1. Using a simple spin-label model with points 7 Å from Cα along the Cα→Cβ vector, what separation in nm is obtained for Glu24 and Glu426?
2. For the stretch 104-283, what class follows from the C-alpha gyration tensor (a ≥ b ≥ c being the square roots of its eigenvalues): rounded when a/c is under 1.5, otherwise prolate if a/b is larger than b/c, else oblate?
3. HN-Hα J couplings of the stretch 127-138 from phi, Karplus 6.51/-1.76/1.60, θ = phi - 60°, integer Hz, Gly and Pro as x?
4. Beyond a 23 Å Cα-Cα separation, which of these cross-linked pairs lie in this structure: Lys7/Lys302; Lys7/Lys365; Lys172/Lys365; Lys7/Lys343; Lys62/Lys290; Lys302/Lys365?
5. Using a cut-off of 11 Å between beta-carbons, work out the net charge of the residues near Ser251 (Lys and Arg +1, Asp and Glu -1, Ser251 not included).
6. Counting only residues 5 or more places away or on other chains, whose amide H sits under 5 Å from the amide H of Gly242 once H atoms are built in the peptide plane?
7. Calculate one ³J(HN,Hα) per residue across the stretch 51-59 by plugging θ = phi - 60° into the Karplus curve 6.51 cos²θ - 1.76 cosθ + 1.60, and present them in order as whole Hz with x for glycine and proline.
8. Excluding Pro194 itself, calculate the net charge of residues whose Cβ lies under 14 Å from the Cβ of Pro194, where each Lys or Arg counts +1 and each Asp or Glu counts -1.
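Nothing in this text is a laboratory measurement; each read-out follows from the coordinates by a stated rule. In this text, all values refer to a predicted model and were calculated from it rather than measured experimentally. Here the Cβ positions follow ideal geometry from the backbone for every residue, glycine too, while neighbour counts run over all protein chains shown.
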Amino acid sequence: MSDEPGKRRGHALRAAVRQGLVNEGEPVVGLLDVTGVEHAAAALHSAFATPGMTVTHTFAVKAAPLVPVLALLAECGLGAEVASPGELALARAAGVPADRTVLDSPAKTVAELRRALALGVAVNADNALELDRIDALRAAVPGSASPVGLRVNPQTGGGSIGAMSTATATSKFGVALRDPGAEEWVLRAYAERPWLDRLHTHTGSQGVPLELMAAGVRAAYKLAERINRAAGRQQVRVLDIGGGLPVNFGSDVTAPGFAAYADLLRREVPGLFDGRYGLVTEFGRSLLAKNGTVLARVEYAKSAGGRPIAVTHAGAQVATRTVFVPDAWPLRVLALDGAGREKGGEPVVQDVAGPCCFAGDLVAKARPLPLLAAGDHVALLDTGAYYFSNHFAYNSLPRPAVHGYVAADDGGVAFAPVRTAQTEAELLAESGAGLPPLRRRRSVSG
């Protein structure tokens, strides 16, 4: 199999067209590079490997809530970070063991907590009220094997994308450490709960620089040291440092890599790696983004105001963030011919539009590309994370199929289904078909 991501992707794009994975009935499809995922997982393990230290890497399920993907990552030695009952169910269906599963969410219900504690998955409490709920649940059902931690917000600041920054002064996540009395409350909470043995932080993801991520981890580490000194023992035994490694969407280069982040942490927080603490990570986008591609047919080519427009079947329903916040989430677009090969020719400034019925449904605006024509294809690159999970059901467009692939050097490609395309029957059922129609209420006089 090829070791070059771009070469593997090219083989897969041509094979997907040749084998009819994208066609008139299914004009848009997701493709996931299995070899690339395996390489990313291996790079993560290698970056954090430290003699005498226990490291558990979990995958943020929200980034790709697809059971075959979670199962592949489990085979690669990763667990699952889940943030809802649905994500927990997906992790269980993929065979992820409880001792490699972490439950994070700012809005866990009592039922969610009860199930997590019964299963023995790790729980990171978000706030004081949630800790009180866990107290009551542990008392009612003693003997839970679930490790329990507390999420703290170091309030170290935000990155270039506010919505992706979780360590701002007013973030909704965790206990805000710089608020008056907050750190003292944390110390009391641990002193009153000898079983509370983890500490969790997560600074953000795309748009957050590595230095800011490291600052958040350093703040959590210092707090863990203070808790342990106050306890007179190693009460906090595991630090969950979250995920959030940003992705380079500008080229095929993987930068920054896991090794760069781990090396920075070794310099900035050396005590994190001296063997006294276990480590948990929760990476998502950085494991899958560069290993996924959305492939779509160009249905029509037209022009308006002198600008060419390629109308494709990949728009807001699969590239929601890119369409609505294009400056924060730009995507590279490949212009492909009818056989899935990259087109040549002089670049022409054009728009690449999606199928949704609103004017802003553009995945690329005024983008220089070889001129696209009806019957061509486009490939949206670096879409392996979130672009297969953030489906936007506008216009009742169905969720597209996703296929994993393994590409050989000779151009041979083996595909495996990851998710089948949503059928019309499934779309109708999701939309209430088969339920009794609503009846207009007759007015009732007094």
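1. 2.3
2. It comes out prolate by the Cα gyration axes.
3. Per-residue couplings from phi come out as 7, 5, 5, 5, 4, 4, 5, 5, 3, 5, 5, 5 Hz.
4. Long pairs (Cα-Cα over 23 Å): Lys7/Lys302; Lys7/Lys365; Lys172/Lys365.
5. That works out to 0.
6. Distant-sequence amide H within range of Gly242: Thr201, Glu282.
7. Couplings: x, x, 10, 8, 10, 10, 9, 10, 9 Hz.
8. +3
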